[in-house]
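Read the structure below first, then the notes.
The values are calculated or read from the model by the stated rules, or taken from the named source; none is laboratory data. Predicted model, so just to flag it, every value in this text is computed and none were measured. In this analysis, Cβ positions are derived from the backbone assuming ideal geometry, glycine residues included, and neighbour counts consider all displayed protein chains. Side chains included, ligands, DNA and RNA excluded: accessible areas come from the protein's heavy atoms. Shrake-Rupley method; radii C 1.70, N 1.55, O 1.52, S 1.80 Å.
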Amino acid sequence: AAKRSGKDRIRHFRPGMRQGLRDRSKLETELREGLGRDEFFPVYQPIFALNSGTPVGFECLARWKHPQRGLLLPELFIPIAEETGYITELSLKMLRQACRDARRWPDALILSVNISPLELRDANLATEMLAILKEEGISPNRLSVEITESGLIADPRAADTVLSRLKSAGVSIALDDFGTGYASLQHLRELQIDRIKIDRSFVQQLTTRTNSEIVRASIALARNLSLGITAEGVECSDSVDLLKDWGCDLGQGFYFGKPLSASEATESLLGGSLSDSALRGGQVDAA
Ligand code: C2E
Ligand code: MG
Ligand code: MG
Ligand code: MG
């Protein structure tokens, strides 16, 4: 009977699992080909100073224009890029394109790019990033690197080397998704961080007691450590008011604007629409 139920179970679960694995390995191949065919491109979400209500920069977010599957989001392809080792190639491509786009924006605007902790294992990463900045004519002072907390930092010494090099060149470092990572507080202690970004899952619903306490405590912690603090996932004006009261300096989210294509970002700056509501609800077109 045991054997039979085992068989049944196999019959029950295998087809879906096999399908899943096939899809996965297909996506891996497609990701590699897509990188070669430049199917990945950045979109830009504005970041605002809460007190003045003015834009201070853009966060660069990767998109994949897949030839059959359409526009794909990072949650689908970043994990695959991490597992297959293509994440650094992807990040460096995004950085280069972002530098080219940022050349058309005012010098004062910060460009923020994401890197995964896995990339920090390669001590050469800083050299490669700085070379791209130089080649593309962007000052390191304009760059902020967000360490996305998708995993533990496996090699703290390599990570320290990379971050030290970036920092001494003038790049600033932010700890992304603060509060949700595997080791947010440990990273805060061990890495040379300039800013934390509070994860949107806490900011989106500031009306719940737990979330508001976590956000307030995170802001207080950041301020006591003389770090900057960005709230992600700001979706309404009530949140802006609360975050300002609590001492948060920067905000990002659908209330201020959705991620924009490069040309939309440039137009919004030229037209001055970034400081008013014209940008809110703006959509990115994949073309
Ligand atoms: P993240 O760095 O925390 O980026 C913020 C994400 O929150 C973006 O999703 C953005 O579209 C979304 N978002 C912003 N404001 C709001 C809001 O008000 N409400 C809601 N519900 N969502 C909001 P996206 O573009 O899907 O990116 C997901 C994650 O993928 C990013 O999270 C980042 O961790 C990662 N990622 C994106 N591009 C890259 C990249 O080039 N390299 C690496 N390593 N990771 C990347
Ligand atoms: Mg980020
Ligand atoms: Mg984040
Ligand atoms: Mg996030």
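Between 0 and 90 degrees, the angle of helix 237-246 with respect to the longest Cα principal axis of the chain falls at about 70 degrees.
Charge dipole of region 125-256 (Cα centre as origin; +1 on each Lys and Arg Cβ, -1 on each Asp and Glu Cβ, all else neutral): 340 debye, rounded to the nearest 20. For the chain, the fraction of C-alpha pairs farther apart than 23 angstrom is 58 percent.
Accessible surface of the chain, 1.4 Å probe: 50 percent of it comes from carbon and sulfur atoms. With Cα atoms defining each centre, region 100-164 and region 237-268 are spaced 22 Å apart in the structure.
Protein heavy-atom accessible surface, 1.4 Å probe, per residue over the chain: 50 Å². Helix-derived [θ] at 222 nm for the chain: sum -39500 (n - 2.57) over DSSP H runs of at least 4, divide by residue count, nearest 500? Value at 222 nm, helices only, nearest 500: -15000 deg cm²/dmol. Placing unit charges on the Cβ atoms of the charged side chains and taking the dipole of the chain about its Cα centre, the candidate lying farthest along the positive direction among Asn211, Thr29, Leu269 is Thr29.
A simple spin-label model places the labels of Arg157 and Ser201 3.3 nm from each other, with each point 7 Å out along Cα-to-Cβ. Assuming charge only on the beta carbon of Lys and Arg (+1) and of Asp and Glu (-1), the dipole of region 15-136 about its Cα centre is about 340 debye to the nearest 20. Would you mind getting me the FRET efficiency between Glu28 and Arg103? Use the beta-carbon distance for r and R0 = 51 Å, nearest 0.05. For R0 = 51 Å, the calculated efficiency reads 0.95.
For the chain, with a Gaussian network of springs between Cα atoms less than 10 Å apart, report the residue from Ser116, Ser261, Ser52 with the top mean-square fluctuation. The residue that fluctuates most here is Ser52.
Computed with the Debye formula from one identical point scatterer per Cα of region 205-265, without solvent, the log10 of I(q)/I(0) at q = 0.17, 0.28 Å⁻¹ comes to -0.59, -1.20. The longest stretch of the chain left intact once loop-based trypsin sites (Lys or Arg not before Pro) with at most 16 other Cβ atoms within 10 Å are removed from consideration, loops following DSSP, is 105-279. For the chain, a Gaussian network of Cα nodes joined below 10 Å ranks Gly53, Gly137, Gly36 by mean-square fluctuation, and the top entry is Gly36.
This model, with +1 at the C-beta of Lys and Arg and -1 at the C-beta of Asp and Glu, gives the chain a dipole about its Cα centre of some 1200 debye.
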